[in-house]
2 protein chains.
Amino acid sequence: MTHFMDVHHGMQGITAEQLHEAHQADLAVEKDEGVHFERAWADPRSGTVYCLSEGPSAEAVQRVHERAGHRADEIHEVPLTV
Amino acid sequence: MTHFMDVHHGMQGITAEQLHEAHQADLAVEKDEGVHFERAWADPRSGTVYCLSEGPSAEAVQRVHERAGHRADEIHEVPLTV
């Protein structure tokens, strides 16, 4: 298991409620893939959303996002953290 | 005070020790700008580093990174979080 940071673009104007709902949609299906979405941060102005997760692979992280209806534009494995 | 996610590119091959040293360099000078760097994540393969901070402005965050010797390529204010 390792950590991943994924990035979504084009989310201009996202609200706190929409971010919460998207996160809940991930949490609802993540167990099937052995993934856990820990946190997410959104910049409504540039339309950028960052999601931090732990899971077996970038592909598993993407499958959760796809099933939740919001495919990530980038997924980076981040094995190093401070 | 709000949160910021900043991104550094071109850090291919960064090690855990280098990430730790860079973070310590930020911590050493951040107080002058009223910024606090909370966490950072690195992907040595793509050379991407993400830093999460809290501070008064993106400019203040950038000034800390500049004084620490590693200017950020992108800084996004992330007022929304889950």
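None of the figures in this text is laboratory data; all of them are computed from the coordinates on show. What you see is a predicted model; the values in this text were computed from it and never measured. Heads up, the Cβs are rebuilt from the backbone with ideal geometry, glycines too, and the neighbour counts pull from every protein chain shown.
Kirkwood Rh over alpha-carbon pairs of chain A, then Stokes-Einstein at 25 °C and 0.890 mPa s: what D in µm² s⁻¹, rounded to an integer? It would help to have the intermediate numbers written out before the result.
Working: Rh = 12.5 Å.
The estimated diffusion coefficient comes to 196 µm²/s.
Taking the longest Cα principal axis of chain A as reference, the axis of helix A:58-67 is set at about 50 degrees.
In this assembly of identical copies, the label point of B:GLU38 (Cα plus 7 Å along Cα-to-Cβ) is separated from its counterparts by 1.2 nm, sorted shortest first.
Modelled label positions at B:GLU54 and A:SER57, each set 7 Å beyond Cα in the direction of Cβ, lie 3.8 nm from each other. The C-alpha atoms of chain B define a longest principal axis, and helix B:16-29 lies at about 20 degrees to it.
Could you work out how much longer the chain between B:ARG71 and B:VAL29 gets when fully extended? Use 0.36 nm per residue separation minus the Cα distance between them, nm to one decimal. Intermediate results must be reported in sequence, preceding the final value.
Numbers: separation 42, 0.36 × 42 = 15.12 nm, distance 1.38 nm.
Result for the pair: 13.7 nm of gain on full extension.
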